[in-house]
Amino acid sequence: MSDSLRHILFIMAHKVPAIEERLYQLVPWIYRCDRRYFEILLTGHHVGSTLARWMKRADAEIALSRTRLLIADDRVAGGFCAMAAREVVPRREADILDLIHHSDDPRSPELRARIKDLIPLFGPLKRRDLYISKLGLSPDIASQKHALAEALLHECVGYAMGQGADRLRIDVDETDQFVCDLLNDFDFKPIGRRRAQVSEITYLNLARPL
């Protein structure tokens, strides 16, 4: 690691003291990871408060206990959310149920249509996969962006190996060129390409053997 990056560390979010009072530092990079997906899914909902509520829930896809933070120079610079393959569907379903519960009209056909359109974006998982749900840097990161992103990917690989996974899996918006190029540099290979027809969003389903 270069001298310019020696002041970084990784820590699970739920182990950071008083983290629930600092969720505003996490929301921007988590939202940015899947911006177009969240724009559609959370139509009519306050994005910041919804994502913060989800992070506080133990069964959420972006639960604090599944979020590993990148701390650089004593500030949250980004991170990733990771979980075993068996957790992904139950956590995603729990988020959808929470969204429906907090909707003005839980029976809204528009909400259900948006959900039905977006779900096919996500590719298949194998039993021993570690799934990276979110991966990104804070939007205000300007200097050392590539170096921090590479450190983040190295941590993903090491974390997955520590969890005994055979493969890393991630689904990423194909318009996010920065992340797509980064994942390509780390030997992630496409295993599929899926599209939300109504929303006109396409995700690349990528995998990397460990």
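Data overview
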quantity	calculated
Residue satisfying condition, being farther than 15 Å from Phe80 by Cα, assigned to a strand (DSSP E or B) and touching a strand residue (DSSP E or B) at 6+ places or on another chain (Cβ under 7 Å), within set Leu135, Leu204	Leu204
Qualifying position, being free of Cβ contacts under 8 Å to residues at least 40 places away in the same chain, open to solvent by less than 10 Å² (accessible area, probe 1.4 Å) and within 21 Å of Ile170 (Cα to Cα), among Ala60, Ala77	Ala60
So Ala160, is it open to solvent by less than 40 Å² (accessible area, probe 1.4 Å) and in contact with a helix residue (DSSP H, G or I) (Cβ under 6 Å, 6 or more places away or on another chain)	no
Lone qualifier among Leu183, Leu111, Leu204 - being farther than 26 Å from Ile11 by Cα and within 15 Å of the chain's Cα centre (by Cα)	Leu204
Qualifying residue in the range 81-96 (condition: farther than 15 Å from Leu23 by Cβ, open to solvent by less than 20 Å² (accessible area, probe 1.4 Å) and assigned to a loop (DSSP other than H, G, I, E, B))	no
Matching option when the condition is in contact with a Lys or Arg (Cβ under 6 Å, 6 or more places away or on another chain), closer than 30 Å to Ala72 by Cβ and either open to solvent by 40 Å² or more (accessible area, probe 1.4 Å) or β-branched (Val, Ile, Thr) (or both), among Pro120, Pro139	Pro139
Whichever residue in the range 159-180 is under 16 Å from the mean Cα position of the chain (by Cα) and of a type in the set (A, V, I, L, M, F, W, C) and, among such residues, is nearest to Asp129 (Cα to Cα)	Leu168
In the range 41-57, the residues that are part of a helix (DSSP H, G or I) and surrounded by fewer than 18 Cβ atoms within 10 Å (Cβ to Cβ)	Val47, Gly48, Ser49, Ala52, Arg53, Lys56
Within the range 29-40, considering residues that are in contact (Cβ under 8 Å) with a residue 24 or more places away in the chain and surrounded by fewer than 19 Cβ atoms within 10 Å (Cβ to Cβ), the one nearest to Ile71 (Cα to Cα)	Arg32
Among residues of the range 171-191, those that are part of a strand (DSSP E or B) and either of a type in the set (A, V, I, L, M, F, W, C) or at positive phi (or both), counted	2
Residue check for Arg107: more than 19 Å from Ser65 (Cα to Cα) and either without any contact (Cβ under 8 Å) to a residue 12 or more places away in the chain or part of a strand (DSSP E or B) (or both)	yes
Lone qualifier among Asp95, Asp74 - being at pLDDT below 95 and acidic (Asp, Glu)	Asp74
Test: Ile115 is open to solvent by 10 Å² or more (accessible area, probe 1.4 Å) and assigned to a strand (DSSP E or B)	no
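The values are calculated or read from the model by the stated rules, or taken from the named source; none is laboratory data. What you see is a predicted model; the values in this text were computed from it and never measured. With ideal geometry, Cβ positions are generated from the backbone for all residues, glycine too; neighbour counts draw on all protein chains shown. With ligands, DNA and RNA removed, areas are computed over all heavy atoms of the protein, side chains included. Shrake-Rupley method; radii C 1.70, N 1.55, O 1.52, S 1.80 Å.
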